Amino acid sequence: MTAETVTLDIAVPDLTGLPDAISLEMGEEQTLLLPSRAQAGYVWEAEADDEAVVQLSTKFEGADDAVVGARAFSENERLTLRGLAEGRTTVRLVQRRTWEEGVKPISAHTIAVNVARPTEATQRGGM
């Protein structure tokens, strides 16, 4: 009897490029690229502990139109964070299949977000 090795088509995305902390000013936006596994049915879900501090939105990048005869998926999903109010919160990211319940996500990451009041360009009496 011989042993057979089976490799799953689900690779854990490389999250080393994602920051652990972000600082924004009120009204400022920052967009992060999240590695996509949409071809395997996985999408990113983002949730802020305090939604009054930061607004979150995710969307897919445009797919590669050069691929002919196959379904094309984008390499990344875009997470946009927008500072709403002064404060601190934590953004929790998980990558999972939305139809699977009770299954651990294949990837997770947290980002500490600090939102500050906009700084003034000049101070009184100075440059």
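State which residue pairs qualify: first residue of a type in the set (A, V, I, L, M) and part of a loop (DSSP other than H, G, I, E, B) and inside segment 102-127, second residue at pLDDT below 80 and surrounded by 10 or more Cβ atoms within 10 Å (Cβ to Cβ) in any location, beta carbons under 8 Å apart, and separation of 6 or more residues or different chains.
Close Cβ pairs (under 8 Å, with a partner that is at pLDDT below 80 and surrounded by 10 or more Cβ atoms within 10 Å (Cβ to Cβ)) amount to 106/10; 106/12; 106/13.
Tell me which residues, restricted to segment 25-47, are in a strand (DSSP E or B) and hydrophobic (A, V, I, L, M, F, W, C).
Across segment 25-47, the qualifying residues are 32, 33, 34, 43, 44, 46.
Can you tell me which residues in segment 40-57 are under 11 Å from residue 78 (Cβ atoms) and open to solvent by less than 30 Å² (accessible area, probe 1.4 Å)?
44
If you scan segment 86-98, which residues turn out to be in contact (Cβ under 8 Å) with a residue 40 or more places away in the chain and open to solvent by 100 Å² or more (accessible area, probe 1.4 Å)?
86, 92
Of everything in segment 29-39, what is farther than 15 Å from residue 108 by Cβ and surrounded by 14 or more Cβ atoms within 10 Å (Cβ to Cβ)? Give them in sequence order.
Those that are farther than 15 Å from residue 108 by Cβ and surrounded by 14 or more Cβ atoms within 10 Å (Cβ to Cβ): 30, 33, 36, 38.
The values are calculated or read from the model by the stated rules, or taken from the named source; none is laboratory data. Note that the structure is a prediction, hence the values are computed from the model and not measured. Positions of Cβ are backbone-derived with ideal geometry, glycine not excepted, and every protein chain shown enters the neighbour counts. The accessibility values were calculated without ligands, DNA or RNA, using every heavy atom of the protein model including side chains. Shrake-Rupley method; radii C 1.70, N 1.55, O 1.52, S 1.80 Å.
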